[in-house]
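Heads up, the thing below is written out as structure tokens.
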Amino acid sequence: MQLTRSLTLTDAVFVGLGSMIGAGVFAVFAPAAAAAGSALLVSLVVAGVVAGCNALSSAWLAARYPQSGGTYVYGRERLGRVWGDAAGWAFVLGKTASCAAMALTVGVYAGAPKTVAVVAIVALTVLNLTGVQKSALVTRVIVVVVLLVLCLVAFTAREAVQPAEFLPSGILPAAALLFFAFAGYARIATLGEEVRDPARTIPRAVVVALSITLVVYFGVALVALNALGSRLAVSTLADVSPSLAPVIRVAACLAALGSLLSLQLGVSRTALAMARDRRLPSFLADLRWAEIATGAVAIILVLTVDVTRAIVFSSFCVLLYYAIANASAWTLGKRLVPAIGLAGCLTLAGAVLWQL
């Protein structure tokens with residue numbers, strides 16, 4: 001099936017932002033704070049550095065291989081078939097778990113986790129079937145709304161409280177969880193066959209989306225820690241500004257929906273690339289069937305796991321995926337950035353193992 005290059009730089013940036021902002025702000029901060037304690041910002045920096053290295057490695061590779069499939073393609077071309085297959089399976093498994101996590105996040109904020117999660121997956125699968133350009137437009141609207149609400153949260157946050165004892169207990173495990181929140185830039189690379197001028201657009205979109213997300217995360221983390229202290233580990237962002245709680249809950253649902261939309265786009269296209277190479281059933285080489293299958297598996301996960309378990313499993317798989325991406329970038333003649341990214345991914349993957 002021939003895909004159309006219809007996405008601009010702005011579209012690609014918003015696809016990446018849609019994947020990251022929803023996951024990070026509304027789903028990961030509390031469990032990460034529980035693990036890192038008062039060192040949450042340290043964990044955020046660690047996750048951001050590893051994500052930055054991964055982003056640069058992915059951007060260099062995407063410019064060389066502007067095809068659907070992301071690191072599945074890069075690993076196959078640079079390291080060999082086995083490593084490409086490993087990356088493909090890690091991505092499909094990890095990001096399908098991410099789909100379940102985001103759908104459940106929508107359900108939690110809406111008050112009916114399982115039911116709303118299933119409805120969300122079905123609705124967005126139907127939307128994806130109408131075309132990627134419409135999906136990108138919806139993602140853009142969601143990102144703008146969520147960023148506006150986060151600005152309001154920062155300006156209306158409750159007065160600072162004196163934190164209770166809040167000592168570091170797991171900086172690296174927390175960084176591994178927070179990494180889940182940064183992994184959305186992969187959606188840009190997996191849309192390689194649908195982006196205009198991919199050699200220029202993909203690297204620029206990756207860097208821009210990740211930079212914006214890091215600034216947003218750091219600002220929100222500072223505000224939340226200042227407002228809640230140790231209670232951040234058992235709170236939601238709505239507790240930072242009680243006067244805006246209903247608005248924040250609506251924004252959380254929109255953010256998670258935006259993330260879910262972008263995740264389904266990425267998983268379905270990696271499945272399509274693997275099906276073309278006969279690593280998945282051949283019927284998935286039709287993008288429509290790949291999108292339907294992605295939604296169906298995500299629904300099964302929604303009915304069998306909780307949010308935290310889905311995030312932990314996703315983080316582990318995606319860290320392995322990016323380890324292969326960094327190893328692939330090393331073969332391009334790059335050295336320092338891929339080396340840091342590879343070491344960081346393997347370290348964080350080991351740190352998150354105890355939570356599986």
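The values are calculated or read from the model by the stated rules, or taken from the named source; none is laboratory data. Note that the structure is a prediction, hence the values are computed from the model and not measured. With ideal geometry, Cβ positions are generated from the backbone for all residues, glycine too; neighbour counts draw on all protein chains shown.
The table that follows gives values for the structure above.
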read-out: Residue ID - surrounded by the fewest Cβ atoms within 10 Å (Cβ to Cβ), chosen from residues in the stretch 315-347 that are under 17 Å from ASP85 (Cα atoms) and of a type outside the set (A, V, I, L, M, F, W, C); value: ASN326
read-out: Residues (surrounded by 22 or more Cβ atoms within 10 Å (Cβ to Cβ) and either outside any helix (DSSP H, G or I) or modelled with pLDDT of 85 or more (or both)) located in the stretch 226-246; value: VAL240
read-out: Boolean, SER268 is out of contact with any Cys (no Cβ under 8 Å at 6 or more places or on another chain), surrounded by 21 or more Cβ atoms within 10 Å (Cβ to Cβ), under 16 Å from PHE182 (Cα atoms) and of a type in the set (S, T, N, Q); value: no
read-out: Test: residue in the stretch 304-327 that is in contact with a Lys or Arg (Cβ under 9 Å, 6 or more places away or on another chain), touching a residue at least 24 places away in the same chain (Cβ under 8 Å) and outside any helix (DSSP H, G or I); value: no
read-out: Exclusive hit being at pLDDT 85 or above and buried (at least 24 other Cβ atoms within 10 Å of the Cβ), set ALA285, ALA275, ALA252, ALA293; value: ALA252
read-out: Among the residues listed as VAL42, VAL138, VAL82, the single one being touching a residue at least 24 places away in the same chain (Cβ under 8 Å), part of a helix (DSSP H, G or I), surrounded by fewer than 22 Cβ atoms within 10 Å (Cβ to Cβ) and in contact with a Gly (Cβ under 9 Å, 6 or more places away or on another chain); value: VAL138
read-out: Among the candidates ALA245, ALA275, ALA256, residue that is touching a residue at least 24 places away in the same chain (Cβ under 8 Å) and either out of contact with any strand residue (DSSP E or B) (no Cβ under 9 Å at 6 or more places or on another chain) or not β-branched (Val, Ile, Thr) (or both); value: ALA256
read-out: Residues being outside any helix (DSSP H, G or I), buried (at least 24 other Cβ atoms within 10 Å of the Cβ) and either modelled with pLDDT of 85 or more or in contact with a Phe, Trp or Tyr (Cβ under 8 Å, 6 or more places away or on another chain) (or both) - total across the stretch 45-78; value: 1
read-out: Residue check for VAL15: touching a Leu at 6+ places or on another chain (Cβ under 8 Å) and modelled with pLDDT under 85; value: yes
read-out: SER38 being under 22 Å from GLY170 (Cα atoms), of a type in the set (Ser, Thr, Tyr) and more than 19 Å from the chain's Cα centre (by Cα); value: yes
read-out: Test: residue in the stretch 154-162 that is at pLDDT 75 or above and touching a Phe, Trp or Tyr at 6+ places or on another chain (Cβ under 8 Å); value: no
read-out: Subset of the stretch 264-297 that is among the basic types (Lys, Arg) and in a helix (DSSP H, G or I) - its residue that is nearest to GLY184 (Cα to Cα); value: ARG269
